[in-house]
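Before any comments, here is the structure.
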Amino acid sequence: MKQLLKSLTKFGTKLNAQKHNGLLQLYFIIGSVILIAFYIIYTNVLLQKAKQDSEFIPRSFAKYVVFIESQITEAESNSKLISELFATYINSLTKDNYDELLVSYIRDEFVSNIKMPVVITDAQKEPLYWRNLSVPETVQFKDLNDDFQSTIESLMAKMEIIPLSYDEKPVGYVYFRTQSTFQDFVQQVDYPIIVTDETRKPRFWRNMGILENTSYDNLNDAHREFITERMNKMVEFPLETDAKRVGFVYFEESESLKKIRSLVYIEILLIVLFIAFGSYGFLMIKNSEKNTLWVGLAKETAHQFGTPITSLQGWTEYLKMYFEDSPQKEEINSMLEHITEDVGHLQKIASRFGKVGSSITLKSANICNVIKETVDYFESRLPHFSSKIEIKFECVDVEMKALMDRELFQWTLENLIKNSIDAMTEKGGYIIISIKRQKGSIYVHLIDQGKGIPRGMVKKIFEPGFTTKTRGWGLGLSLVKRIIEEFHKGTIRVAETSSNGTIIEIILKEHH
């Protein structure tokens, strides 16, 4: 039954690892599809926008042609109305009811048919009728509010004027604007644009985010500086006639064209991200498979230890009974006690291997006591390793506690101490273990006087399978790292190494 449970455990671990790898591959595929789809959609949107932007100049030109044509038609119509006005005026001069006839014509025919801005005033130049001024036309001038009156007066100041006279005395005036200007056309443009004179002084602008119905000289310094800065960044287009240059038009390069120019860099970035994510996913899968292999190997080792350990325990009990009546009973029992202790230690090691890859429960423990037990065990056996090596343990505060799995943490210390002993076999020296408390953490330093670790190997010593020994699996320090960082949520690192020795640092959270 136990064998079946262990087989099922290993099979479950393998399935979990395969599931994890499958998820990583799925995430990578989905991420790649999303990146590619985003790139395609974004490129298509930019191209569509660039197409619209590229049509700006011909679209504006077409608008301008329509604009000019409509102005010509309007000018012809307005010229006809002006001519009719003069004809009516001349004909009315011979009639007795001159005033009534002229006023009736202006009110009923001229003002209603005119398409250009027009104002008819009396002899004192007070507006009587107006048309196409964005001012109410059915209200008398005196009844308009101040804003509307100011609008009419400011427009009159810019209009052409025709006096209406009778008997060499003025009886009224006609104010009109014969045709729309280029500024009126610019007001129809839906793009940031600046029009200047031949000296590049701005005359009018559109879609710049500042007041448009004013002159450049009336702008404050900040707005003038703003327009100048924008002109420096815009595309310049000259306005020329056959005789001379009359000004310049400035318009911006479209945002879509700017983005298309940077599309190459976006493409490179996406490729780099794709390679980075792919490499990361591959490394994750590779590391996951490697970890699964070493965890499975550790569990299998624990399982293989079980039978000979049980057999050794049985033989130890048999030898105790066999030499019960022997004259050397005390000496033999002393040896058997040491054997029993080592067999117990082997059983601990098997248990530790079995815990690798399994969920464990951390308990609060006095870290000084845990380390001292490990040091005591090694001190009694140091003569078997080398008579020139000594272990010194320093614990300033004996009340320091941390959450830990006692067996796994002692296993960590044993691995580190064994590595220090191997590094000091030739020269001997001290192995010093010290503990201190700092800012809620416990720092454990293991210092040896060995030959040190080559610089190029410092970052590799915790990788599974890495070893500098002629024999060995390279599992020890990788399991140490796993125990400290994954199980105990701490950190372990090589704090310092040289030809005079190595310092290994372990940091754990203190538990109060």
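The values are calculated or read from the model by the stated rules, or taken from the named source; none is laboratory data. All values derive from a computational prediction rather than experimental measurement. Cβ sites come from the backbone with ideal geometry, for glycine too, and all protein chains shown count toward neighbours.
Out of 460, 427, one residue alone is touching a residue at least 12 places away in the same chain (Cβ under 8 Å) and either part of a strand (DSSP E or B) or in the same structural domain as residue 378 (by TED's automatic domain parsing) (or both). It is 427. For the stretch 112-150, the set of residues classified as surrounded by 15 or more Cβ atoms within 10 Å (Cβ to Cβ) and outside any loop (DSSP other than H, G, I, E, B) consists of 118, 119, 120, 121, 127, 128, 129, 130, 131, 141, 148, 149, listed by residue number.
With respect to the conditions (1) under 15 Å from residue 378 (Cβ atoms); (2) at pLDDT 90 or above, residue 441 lacks only one, and its number is (1). Annotation note: Cβ proximity below 6 Å between a residue of the stretch 312-328 that is part of a helix (DSSP H, G or I) and a residue that is polar (S, T, N, Q) and surrounded by 11 or more Cβ atoms within 10 Å (Cβ to Cβ) (sequence gap 6+ or interchain) occurs for 316/340. Taken as a whole, the condition of being loosely packed, with under 14 Cβ neighbours inside 10 Å and modelled with pLDDT under 75 does not apply to residue 299.
With respect to the stated conditions, residue 506 is at pLDDT 90 or above and buried (at least 19 other Cβ atoms within 10 Å of the Cβ).
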